[in-house]
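The values are calculated or read from the model by the stated rules, or taken from the named source; none is laboratory data. Not measured: the values here are computed from a predicted model. A quick note on method: Cβ atoms are made from the backbone with ideal geometry, for glycine too, and the neighbour counts reach across all protein chains shown. The protein model used for the area step is the full one, side chains on, heavy atoms only, and it has no ligands, DNA or RNA in it. Shrake-Rupley method; radii C 1.70, N 1.55, O 1.52, S 1.80 Å.
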Amino acid sequence: MHDLAQRSKGVVDRASLYRTVHLFEQLGLVQRIYIGWKYKIELSDIFTHHHHHISCLGCGKVVAMTEEAEIEQLISQLAARHGFTAQSHQLEVRGYCPLCSQR
Ligand SMILES: [Zn+2]
Ligand SMILES: [Zn+2]
């Protein structure tokens, strides 16, 4: 979001930028990925293959997990157990990357 604000400097004002992002979010075009207390805006699953992220608490590195058929299945099953048909979900894993684990 900070990047976006920097990039749009002189093109649109901050308020319009936030309004537009909010609108896109409501339309389901983008989604907010929370990393701790910060978040980043990413194109929604409509455009990108659905995936989850692991983020490092040490250096902030974010890795996309793409191999997750089992998680998807499990989430559907859990939702079904509560009588729900799962439409969407968010799952973020936080931890330490190999580099930060060594420190
Ligand atoms: Zn790290
Ligand atoms: Zn998923």
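Per residue, what accessible area does the stretch 24-91 have, given a 1.4 Å probe and all protein chains present, in Å²?
Per residue, the stretch 24-91 has an accessible area of 73 Å².
How far apart, in nanometres, would the label points at Gln73 and Ile54 be if each is projected 7 angstrom from Cα along the Cα-to-Cβ direction?
2.0 nm
Put +1 on the Cβ of every Lys and Arg and -1 on every Asp and Glu Cβ in the stretch 1-75; which of Val21, Ser55, Val11 then has its Cα farthest towards the positive end of the dipole?
Val11
Taking only C-alpha pairs under 8 Å that are 6+ residues apart, what is the relative contact order of the chain in percent?
21 percent
Work out how far the C-alpha atoms of the chain reach from end to end along every principal axis, then list the three figures in whole Å, largest first.
49, 42, 21
Round to a whole number: what % of the accessible area of the chain belongs to carbon and sulfur, probe 1.4 Å? Provide the component values of the computation, followed by the final result.
Working: 4590 of 7890 Å².
The C+S portion of the solvent-accessible surface of the chain is 58 percent.
Hey, if you drop one equal point scatterer on each alpha-carbon of the stretch 1-57 and run the Debye formula without solvent, what base-10 log of I(q)/I(0) do you get at q = 0.12, 0.14, 0.20, 0.26 Å⁻¹?
Rounded to two decimals, the profile gives -0.32, -0.43, -0.83, -1.13.
Could you give the size of the charge dipole of the chain about its Cα centre, using +1 on the Cβ of each K and R and -1 on the Cβ of each D and E, expressed in debye and rounded to the nearest 20?
Charge dipole of the chain: 540 debye, to the nearest 20.
May I ask you to derive the FRET efficiency for Ser16 and Tyr96 from their Cβ-Cβ distance with R0 = 30 Å, giving the value to the nearest 0.05?
With R0 = 30 Å, the Cβ-Cβ based efficiency is 0.20.
5 Å is the cut-off here: which amide hydrogens, built 1.01 Å from N in the peptide plane, fall below it relative to Cys97, excluding neighbours closer than 5 in sequence?
Amide H neighbours of Cys97, under 5 Å, 5+ apart: Leu57, Gly58, Cys59.
For the chain, just give the cysteines left without a disulfide-compatible partner, judged by no other Cys Cβ under 4.7 Å.
Cys59, Cys100
If the label point is 7 Å along Cα→Cβ of Val62, which residues in the stretch 7-35 have backbone nitrogen under 11 Å from it?
Under 11 Å, as judged by backbone N against the label point of Val62, lie 31-35 of the stretch 7-35.
Nearest-5 percent of antiparallel DSSP beta bridges in the chain?
Antiparallel bridges make up about 70 percent of those DSSP assigns within the chain.
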